[in-house]
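Report on the structure given below.
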Amino acid sequence: MRSLVYFVASTVDGFVAGPDGADPTGPGGFWPVPQDYLEHLTAEYPETLPGPARATLGITAPGTRFDTVLEGRRSYEIGLRAGLTNAFPHLRHLVFSRTLTTSPDRGVELVATDPSATVRELKRQDGRDIWLVGGGELAGTLYREIDELVVKLGPLTLGTGIPLFSHTAAFDPRTWELTDHTALGSGALFLTYRRSAT
């Protein structure tokens, strides 16, 4: 069965974006993207790089981990504001929204139904794992469906911002098993956790 993987960048204090929700790696952003970080993404998770970055870097490999990406409306609109109607044309791309009624791109599927039910159906289908790109609100809604966390822990703090999981997540303590980790010279950590069986 496919897994839902929350592959997400987080600060040490648990935030995925600043209070305004803008792209932290975009123009005027605060998130450092050093060379070793980019090289690690390119080598290990090439399918998570947006289409324009893949083109610039000459990446054509489909990747081995994900074939589907899920995101909430607010995260999707970050790309729209940057002129990208589909940041991940190389993946099946689902955007959860009750307010968007027409997709601006034929490669982007709008989903207005229950995210958890949709994810359970996706898990039953054949394919690679499912990447939950964000944001925090969708991650909070899908908290109980997440099988694996891959946290790209950046060496910075914000003090406040959008948390890893929104406050819509149910209080439901979970334990996770650390299954892999990579420390980069620039200070970033890639931490992979699998949800414990108990």
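The values are calculated or read from the model by the stated rules, or taken from the named source; none is laboratory data. Nothing here was measured: the structure is a model prediction, and the numbers come from that model. All Cβ positions, glycine included, derive from the backbone under ideal geometry; neighbour counts span all protein chains shown. To get the accessible areas, we keep the full protein, side chains included, count just its heavy atoms, and leave off ligands, DNA and RNA. Shrake-Rupley method; radii C 1.70, N 1.55, O 1.52, S 1.80 Å.
Annotation: of all residues in segment 1-24 being open to solvent by 60 Å² or more (accessible area, probe 1.4 Å) and out of contact with any strand residue (DSSP E or B) (no Cβ under 8 Å at 6 or more places or on another chain), the one that is nearest to Ile162 (Cα to Cα) is Asp20. When you scan segment 66-82, how many residues do you find that are surrounded by 18 or more Cβ atoms within 10 Å (Cβ to Cβ) and touching a Pro at 6+ places or on another chain (Cβ under 9 Å)? Of the residues in segment 66-82, 3 are surrounded by 18 or more Cβ atoms within 10 Å (Cβ to Cβ) and touching a Pro at 6+ places or on another chain (Cβ under 9 Å). Do we find that Pro46 is open to solvent by 20 Å² or more (accessible area, probe 1.4 Å), within 14 Å of the chain's Cα centre (by Cα) and closer than 21 Å to Leu84 by Cβ in this structure? No, not satisfied.
Can you report the number of residues in segment 49-65 which are open to solvent by less than 60 Å² (accessible area, probe 1.4 Å) and polar (S, T, N, Q)? Please lay out each step first, then the result.
The initial filter retains those residues of segment 49-65 that are open to solvent by less than 60 Å² (accessible area, probe 1.4 Å), namely 49-51, 53-54, 58-59, 61, 63, 65.
Applying the additional criterion that residues be polar (S, T, N, Q) yields none.
So the answer is 0.
Taking every residue in segment 151-172 that is over 30 Å from Gly185 (Cα atoms) and pairing it with any residue that is open to solvent by 40 Å² or more (accessible area, probe 1.4 Å) and among the β-branched types (Val, Ile, Thr), at least 6 positions away or on another chain, the pairs with Cβ-Cβ distances below 8 Å are Ser166/Thr141; Thr168/Thr141; Ala169/Thr141. Only residues that are of a type outside the set (Ser, Thr, Tyr), open to solvent by 40 Å² or more (accessible area, probe 1.4 Å) and part of a loop (DSSP other than H, G, I, E, B): list them for segment 154-193, please. Result: Pro155, Leu158, Gly159, Phe165, His167, Ala170, Phe171, Pro173, Arg174, Gly185.
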